[in-house]
Amino acid sequence: MGCTETEWLAWLPAALGEHVWQRTGSSVQVYVQTSQSVQAQLRIRWREATPRQIALLRIPRLLVDFEFFGLDDAQRYALMRRFDLYMQRGGG
């Protein structure tokens, strides 16, 4: 992710939507209610990486890992689609 941890944490609530989540240090545990009334989970962990430098431009970086528990492919896709849309930043 091309952002600082502060930016990431500001965007995270909207990206996760209605799902309940809990932060512990540099990770969050997301509790996902499925249609089968089973509570699935997503664990997201991040760590700062060296910034990417292109000429004089320095872009901060976070290395982010996603780990899913109890979600099928369609459920993972739906969750990540929303997440990706809320985390996208455009330029022109």
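Filtered by the rule that a residue be surrounded by 11 or more Cβ atoms within 10 Å (Cβ to Cβ) and hydrophobic (A, V, I, L, M, F, W, C), region 68-92 gives 68, 69, 71, 78, 79, 80, 83, 87. Going by the structure shown, is residue 7 open to solvent by 40 Å² or more (accessible area, probe 1.4 Å) and outside any strand (DSSP E or B)? In short, yes. Going through (1) at pLDDT below 95; (2) under 10 Å from the mean Cα position of the chain (by Cα); (3) exposed (fewer than 11 other Cβ atoms within 10 Å of the Cβ) one by one, residue 65 falls short only on (1).
Across region 67-92, the number of residues qualifying as under 18 Å from residue 34 (Cα atoms) and not charged (D, E, K, R) comes to 11.
Scanning region 31-40 for residues that are in a strand (DSSP E or B) and more than 25 Å from residue 7 (Cβ to Cβ) gives 33, 39, 40. Please tell me if residue 43 is touching a residue at least 12 places away in the same chain (Cβ under 8 Å), open to solvent by 60 Å² or more (accessible area, probe 1.4 Å) and not in a loop (DSSP other than H, G, I, E, B). Answer is yes for this residue.
The values are calculated or read from the model by the stated rules, or taken from the named source; none is laboratory data. Computed from a predicted structure; not experimentally measured. No Cβ is skipped: glycine too gets one built from the backbone with ideal geometry, and neighbour counts run over all protein chains shown. Note: accessible area is taken over every heavy atom of the protein model, side chains too, but ligands, DNA and RNA are not part of it. Shrake-Rupley method; radii C 1.70, N 1.55, O 1.52, S 1.80 Å.
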